1. Answer yes or no as to whether Asp361 is of a type in the set (D, E, K, R) and at pLDDT below 75.
2. Filter the stretch 100-121 down to the residues that are touching a Lys or Arg at 6+ places or on another chain (Cβ under 7 Å) and either open to solvent by 80 Å² or more (accessible area, probe 1.4 Å) or closer than 22 Å to Asp227 by Cα (or both) and list them by number.
3. Could you say whether any residue in the stretch 61-76 is modelled with pLDDT of 90 or more, open to solvent by less than 20 Å² (accessible area, probe 1.4 Å) and of a type outside the set (S, T, N, Q)?
4. I need the full set of residues from the stretch 324-358 which are open to solvent by 50 Å² or more (accessible area, probe 1.4 Å) and either modelled with pLDDT under 70 or farther than 17 Å from Ala270 by Cβ (or both), in order please.
5. Can you name the condition, by its number, that Met194 falls short on among (1) surrounded by 15 or more Cβ atoms within 10 Å (Cβ to Cβ); (2) assigned to a loop (DSSP other than H, G, I, E, B); (3) in contact with a helix residue (DSSP H, G or I) (Cβ under 7 Å, 6 or more places away or on another chain); (4) of a type outside the set (Val, Ile, Thr)?
6. Would the stretch 211-218 turn up any residue that is under 30 Å from Ile103 (Cα atoms), of a type outside the set (Phe, Trp, Tyr), assigned to a helix (DSSP H, G or I) and open to solvent by 70 Å² or more (accessible area, probe 1.4 Å)?
7. Tell me, which helices (runs of 4 or more DSSP H) lie completely within the stretch 242-315 with 2 or more residues that are at pLDDT 85 or above and either of a type in the set (Ser, Thr, Tyr) or open to solvent by 40 Å² or more (accessible area, probe 1.4 Å) (or both)?
8. If you check Arg97 against the conditions, is it in contact (Cβ under 8 Å) with a residue 12 or more places away in the chain, open to solvent by 40 Å² or more (accessible area, probe 1.4 Å) and outside any helix (DSSP H, G or I)?
Amino acid sequence: MSADSSRQKREIDQRPFLEATSEAKSRYGRFNLAVIGGTGVGKSSLVNAVFQRDWAAVGKGLPVTKGVRYYHDDSLGIWDIEGFEIGSAVPPREQLRNHLKTIEQHPRNEQIAVVWYCVKANDDRLTRADIEMIQELDARGLPVILVLTKVDWERNALTGSRRPTKGTREFISWLEEPVDENGQPITIPFARVMPTSTRERDGKGTGHGLGDLVAETLALSPADVKDAFRIAQRLNLPWKREMARPIINGAAGLAAGVAATPIPVGDALALAPIQLGMMGRIAAIYDLELKTMMSAGALAQLGVQITGQALARSVLKLIPGAGNAVNASVAAALTVAMGEGWMRLCEQVHTGKLDLAKVGDSWGDYVPGALDVMRKMTMQRVGKK
């Protein structure tokens with residue numbers, strides 16, 4: 001290791017990374033989902049498929065009252081509410097009303113944003129208890145998605161598209177225009193009915209309908225928790241990229257400001273707090289807890305790598321007359337390239353393709369090359385025209 005690198009490793013402070021992660025998590029907050037349904041309806045499988053959190057295995061659910069448990073981490077809270085207790089002297093609507101009153105006594109960051117009311121697709125009809133509970137949820141102003149679970153799908157041999165089998169389609173048609181046994185219309189105030197499966201009929205694969213369920217949940221979420229939901233869910237990566245890119249661009253602007261008066265390559269350490277803060281905010285978007293994944297020394301080593309002295313030197317060699325100074329254009333392009341490399345790494349961890357414990361060792365594979373930075377500089381020039 002060179003003397004410069006040794007000095008940087010000692011001097012780089014990982015606090016901007018940790019503070020940025022903490023600030024971002026606090027700002028985004030927590031998305032709270034209520035999942036209602038009886039035993040065996042597939043609630044746990046549904047939650048695990050969308051959020052990739054095995055609540056049952058983790059066992060961190062806190063029993064709130066009989067029939068209600070609350071599971072949570074930084075970005076996601078799950079209210080697991082059992083279905084109507086058969087044989088109870090308390091009517092189903094009143095049971096649920098009591099549960100909701102208990103939940104309302106909890107802090108604001110634990111309040112329900114959206115409800116998934118889960119019913120097995122082969123049930124064919126909603127019970128009177130189901131209808132009354134959905135009506136109670138609506139009366140409380142809670143948006144309800146009626147989720148049909150364990151749906152069987154049929155595949156069009158020509159187009160490859162899938163749709164629920166005939167029996168489920170008939171169930172959905174009834175739900176959209178429900179009538180009682182006497183043919184009289186019934187009001188069931190749910191926002192959407194969403195057919196889903198978490199596995200193929202043979203028990204393999206990833207199922208169907210989950211992407212639509214995620215999109216509808218986001219659409220129904222209150223504005224102040226939409227970003228928390230984008231962070232908590234694990235199915236839609238483009239949402240996370242859309243959140244990360246403004247952070248990268250903002251960091252590039254700050255880096256350009258630092259280098260408005262060109263700085264020597266040896267002083268590129270001044271860019272480290274900006275880039276570390278950018279990385280911390282992106283890590284929060286991908287719901288990664290790097291503080292527990294990496295030692296302080298490993299975070300500091302990442303800081304050494306992202307100051308980009310060696311990369312800056314290689315870039316400057318390609319710019320006639322640039323000398324050994326980093327100007328605003330180089331600083332911005334370098335920061336954007338670094339940010340996108342870090343975003344790709346976070347995606348690999350987020351999707352389970354990279355072991356959390358290997359982040360520090362793997363970062364070198366995502367450090368952009370000189371040509372990547374040059375492309376960013378070219379894009380900047382084109383954008384200004």
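1. yes
2. Asn109
3. yes
4. Arg344, Gln348, Thr351, Gly352, Lys353, Asp355, Leu356, Ala357, Lys358
5. (2)
6. yes
7. 272-285
8. Judged against the criteria, Arg97 is not a match.
The values are calculated or read from the model by the stated rules, or taken from the named source; none is laboratory data. All values derive from a computational prediction rather than experimental measurement. So basically every Cβ, Gly included, is an ideal-geometry build from the backbone, and we count neighbours across all protein chains shown. Areas reflect the complete protein model, heavy atoms only, side chains present, ligands, DNA and RNA absent. Shrake-Rupley method; radii C 1.70, N 1.55, O 1.52, S 1.80 Å.
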